Structures are given as structure tokens and as C-alpha cells.
1. Looking at segment 257-286, which of its residues are buried (at least 20 other Cβ atoms within 10 Å of the Cβ) and either more than 26 Å from Ile233 (Cα to Cα) or not assigned by TED's automatic domain parsing to the domain that holds Asn169 (or both)?
2. Looking only at segment 53-68, which residues are surrounded by fewer than 20 Cβ atoms within 10 Å (Cβ to Cβ) and of a type outside the set (S, T, N, Q)?
3. Residues Lys166, Lys113: which one is without any contact (Cβ under 8 Å) to a residue 12 or more places away in the chain and assigned to a helix (DSSP H, G or I)?
4. So which residues in segment 177-210 are in contact (Cβ under 8 Å) with a residue 24 or more places away in the chain, over 15 Å from Ala231 (Cβ atoms) and loosely packed, with under 14 Cβ neighbours inside 10 Å, if there are any at all?
5. Regarding Ala254, is this residue at pLDDT 90 or above, in the same structural domain as Gly134 (by TED's automatic domain parsing), of a type in the set (Gly, Ala, Ser) and buried (at least 21 other Cβ atoms within 10 Å of the Cβ)?
6. Among all residue pairs at least 6 apart or on different chains, which show Cβ distances below 9 Å where the first residue, located in segment 211-224, is in contact (Cβ under 8 Å) with a residue 40 or more places away in the chain and the second is assigned to a loop (DSSP other than H, G, I, E, B) and among the small types (Gly, Ala, Ser)?
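The values are calculated or read from the model by the stated rules, or taken from the named source; none is laboratory data. Quick caveat: nothing in here was measured; it's all calculated off a predicted structure. Quick reminder, even Gly has a Cβ in these numbers, built from the backbone with ideal geometry, and neighbours come from all protein chains shown.
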Amino acid sequence: MHLSKILLQNFRSYNQQLFEFDPQINLILGPNGSGKTNILESVFLLASGKSFRSSSQAKMINWDTYFCSVRAKLINNKNEELEIEIKLIKNLQSNLSTVTRKFLVQKVEKTRKKYLGTLKTVIFHPEDIRLITGSPSRRRELLDTIFCQTEWRYASALSQYNKALKHRNELLNQIKCGQSSKTELFYWDQSLIKNDNLIHNFRTSFVRSCNNYFATHSNPQIRTISIKYHASILNEEKIEKNFQLDLSRGHTQAGNHRDDFSFENSIFSTADKNLAFWGSRGQQRLAVLALRLAQINYLEEAYDDTPILLLDDIFSELDPEHQELVTTVCRNYQTIFTSSEPDSEKIMPHAKIIQL
């Protein structure tokens, strides 16, 4: 599956703009602020229904209007065309920050469940380095993003889990104040446990796939990398054991909302091999790059489908050796990457140029 063209209407800085893409390599060139990343964001939106830049969907809608549309034409391996579209509409009757999403395939509206998985993407961008040095929430968000664009079961479980967690935490505070009883937690406890189990199964399968990919990679530096998953499992025993602590703190201590993972490197002589503490900037960049390559591999193995690669001005962050590693991978996929440097054409000499 590759992206043939995309039409943006009232999306970010674009009132109405059509972009056409080569099935292989595409380079979007333009100065900072010209809207390069907006194009990548629109493709990512088509795949996941979300932005990789902001949690607010309303920010993707042009200030001068109340809705936006991203429509694309896809070509599959049989050369058949498929049209997909996502519309974002501000709810004018209530808060303008709330948005309704509409998912369409061949101009027919679909539920998110039926839509997810139509298009798959993997995005590389400079902020990826913060996956190593940043907060656990950033790493959890990565896992959620991977599955929320491919698995409606995961997306549904995550939504139900977060809803149950919110209600349970509210009940804990009411119980502490004597306004509710412990028995009222039962329904929310069961919802948490059920959805937590499904979420952890997906996350575990991804980490296992990544570590297998690293261990068998042709690059000797990547073979030294691994991911250590710090899962916070939730079950009835843990719920009961933590009750008094949950009650005193007013929020639930265990569950996937407390998960984390770390990047480790076997070359470190210390017992602690966490790249966040001991890795150089170059080693950290390579680990994040390796993670994205492993994500590509996972999507292909799990869904027998090739993702579109989106690279947001990453070559300025990579040395020539790692640039070559990326370009080698890109030759096997449709790739759209952005740059403000005209010299980037030399890195991808056969790319279709989209000049902004």
C-alpha cells in the first residue's frame, strides 16, 4: 500500500492544497515554518486519527474555520485505488476545544473500529531522543500510539481503562471522606483488571519483537541494544494489597498507567546498563533509531503490511553512518521526509522533490 495523493482542506496552515507522492522516496523541502511537518502530521492523522504533535485535535483545524478534512488516495499491491478521509469538526454548540471525528472509506462513513489499520505509518522525528531521557509517560505514549493506529481492541481497552481509572480514583477520595463504601469499587476494579491484561499483552509482544529484532540485526551496534520492560501488572491480589495505600494517596498505584521501559546496552561494564544514564548522545540516537526500525519490522510481521515512513528533519541529527542506515531501510518503503537543507537531495538523490 502506498500513498498516491493527499488533499488538505483547512488543515493547519493549508486552506486547500493537493500533494502528490512517488511510490518510493519523497523529499519535502522548505524553510522552517513553511508547513513541512504539517504534511507529515496529516498523513499520521489518516493512519491513527490523532496528531503526533499535540493532544488537542482542535489545533489541527485552521483558525478561520470550524472543520478540516484530510483526504487521500491509496494504491494497493494490485494497483487498486482506495480513498480514505478524516474530518475534524469543532462542536460549536459547546466548548470549541471539543472535536468530532468522522472516518470515511470510499466516501462511506465508518466507525473508528472499522477504520483503524487501513493505513500504517512509522514516524521518525528529532524529539524521539526524549524517549530515552524523558518521562515514563512519553514512553507509554509511544506504545499507545503504535497500537492505537492498528488495533481497535487496544484503543478500546485503553479508553475503557482510563475511564475506569478516573472513576476509581474519584471513588477512593469519596471513601476516604466517608461518602462511599469500598464495595462500590468492585465494578471499576474489574474493568481495570480486564483491560489492563489486554494492554499488557500487546505491550509485551511488542517489546519481545523488538528484542528479537535487535539481537539478530546485521549492525553489530544494534545487536548490543535491548529494551527492559518495567510492567506494573494489575490483578485482584494487587488491588486488595494496595487498597490502603491507594486510599491514603487518593489514586491507584498499580496498572499500565505506571508502566515504563528502558533502553539498555550490553557494552557497559556497570551493573546498570540504562542508556539514559550511561549512553552518549550518539548511542542514544542509535537506540531510538533502532526502536523505530524494530517498529517497522513489528508492523510487517504482525499485520503483513508495509507502513509508510515519515521522517521529520532527522538527518541533521544523524552522523553519516546512521544516515546510511536510514537510507538503506527507506529504499524498501514509501518514504516522505522533510528538510530545510537543499543539500538533503544528495542523501536521497532519487527522491521526488516537493518544494514549499
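1. Once the filter is applied, which keeps residues that are buried (at least 20 other Cβ atoms within 10 Å of the Cβ) and either more than 26 Å from Ile233 (Cα to Cα) or not assigned by TED's automatic domain parsing to the domain that holds Asn169 (or both), segment 257-286 yields Gly279, Gln284, Arg285, Leu286.
2. If the condition is that a residue be surrounded by fewer than 20 Cβ atoms within 10 Å (Cβ to Cβ) and of a type outside the set (S, T, N, Q), then Arg53, Ala58, Lys59, Trp63, Asp64, Tyr66, Phe67 are the ones that fit.
3. Unique residue meeting the criteria: Lys166.
4. The answer is Lys182, and nothing else.
5. no
6. Thr224/Ser266
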